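J.: Before I ask anything, let me first share the structure, which is written out below as structure tokens.
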Amino acid sequence: MVTRQNDSPRTSAAAKRSSRSGGAGKRARGSKSTKSQSQGGVTSPRRVQGGVATSDVVTSAHVGDNAKLFARILALHVPPGSRVADVTFGKGVFWKLVDDDAYEVHASDIELKPAVVGARPSFLYADGIDCRALPYEDESFDCLVLDPPYMEGLFRRKTDHMAGSGTHAAFRVAYSNGRATEGEGEGEPSKRPRWHDAVVDLYARAGREAARVLRRGGALIVKCQDEVSANKQRLTHVEIITGYESLGLYCKDLFVLVRPNSPGVSRLKRQVHARKNHSYFLVFAKRATRISSVLDFSAGGLDRRV
């Protein structure tokens, strides 16, 4: 064994770091080695960050339709071949730009549109499935897609009170069977969640089922939109993010989808809130360790509620 007498403290520290990382012959993940450098007789490779310069990246804000953005979200967050349950399949518009054999897709809804069933031969269709009471086993899916009715105007006890006139007509066709609803839950119908609370209650019940059937590390993709209810601003995406944290679902990503055309209003007297022309795709990951986004500033410090 040869002991070097002229090693400087800097050289010794570098040698120790090299030893802890497995030696100079191993490259750091995501980096590559170039021409060697010599300091005090010790030779070590120069480490250079890997990757390439590009502007071809998935961004958080998009102008367009659901299909294009949904396909990019899948490519970013859901590996090919994953077992995916779209429990609010509707007309299947999300999947228009996704290859048939890219995933094992289980398409279901509480009432599937007749023209949809069998349109994608590789998909497995199931009608009469409520996203709040799924028939699947615990931890049996890699990904779940949830896009329920997110307008409180679709939750009405009389059909003539339901939303879906003017520029919102497409929402009634896509998100509703056109029938009145008495709401869900225990007790008398008059005491069940109403208006915007009925929307949040639907997301809560569906979220609990999603957390149950997702495997650890699985992805939950949720579509939602904020709304003004009873002249009060209701930030639905914030309510979902903070509420799902209690289920062990961490909001890993958020996408804003802006409609390409301008929304219209059939009867406007005086505008007091900005008209919503954007919606959200939220991507949650099922985690063992919970993360809280709920903060309390009232105590004068930074109190994060867990």
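J.: Go through the stretch 40-59 and report how many residues are open to solvent by 70 Å² or more (accessible area, probe 1.4 Å), among the small types (Gly, Ala, Ser) and either in contact with a helix residue (DSSP H, G or I) (Cβ under 7 Å, 6 or more places away or on another chain) or touching a residue at least 12 places away in the same chain (Cβ under 8 Å) (or both).
T.: Adding up the residues that qualify gives 1.
J.: Still on this structure, I have one more. Find all pairs meeting these conditions: Cβ atoms under 6 angstrom apart; at least six residues apart or on different chains; first residue within the stretch 123-134 and among the acidic types (Asp, Glu); second residue open to solvent by 30 Å² or more (accessible area, probe 1.4 Å).
T.: 130/110
J.: Among the listed residues 134, 97, identify the single one that is touching an Asp or Glu at 6+ places or on another chain (Cβ under 6 Å), of a type in the set (A, V, I, L, M, F, W, C) and at pLDDT 95 or above.
T.: 134
J.: Restricting attention to the stretch 129-142, and to residues there that are among the hydrophobic types (A, V, I, L, M, F, W, C) and part of a loop (DSSP other than H, G, I, E, B), which single residue is surrounded by the most Cβ atoms within 10 Å (Cβ to Cβ)?
T.: Step by step, filter the stretch 129-142, then rank; the result is 131.
J.: Another question, if that's okay. Taking the options 75, 126, 119, name whichever one is assigned to a helix (DSSP H, G or I) and small (Gly, Ala, Ser).
T.: So the residue among 75, 126, 119 that is assigned to a helix (DSSP H, G or I) and small (Gly, Ala, Ser) is 75.
J.: Moving to a separate point now. Specify the residue that is nearest to residue 215 (Cα to Cα); the eligible residues are those in the stretch 73-113 that are among the β-branched types (Val, Ile, Thr) and open to solvent by 10 Å² or more (accessible area, probe 1.4 Å).
T.: 88
J.: While we're looking at this one, here's another question. Just give me the residues in the stretch 206-233 being acidic (Asp, Glu) and modelled with pLDDT of 95 or more, in sequence order.
T.: 209
J.: Further, regarding this structure: For the structure I just gave you, tell me whether residue 203 is at pLDDT below 60 and among the hydroxyl-bearing types (Ser, Thr, Tyr).
T.: So residue 203 fails the test.
The values are calculated or read from the model by the stated rules, or taken from the named source; none is laboratory data. Computed from a prediction, not measured in an experiment: that's the story for all the values here. Note that we place each Cβ from the backbone using ideal geometry, even for glycine, and neighbour counts take in every protein chain shown. Surface accessibility is based on the protein's heavy atoms, side chains included, excluding ligands, DNA and RNA. Shrake-Rupley method; radii C 1.70, N 1.55, O 1.52, S 1.80 Å.
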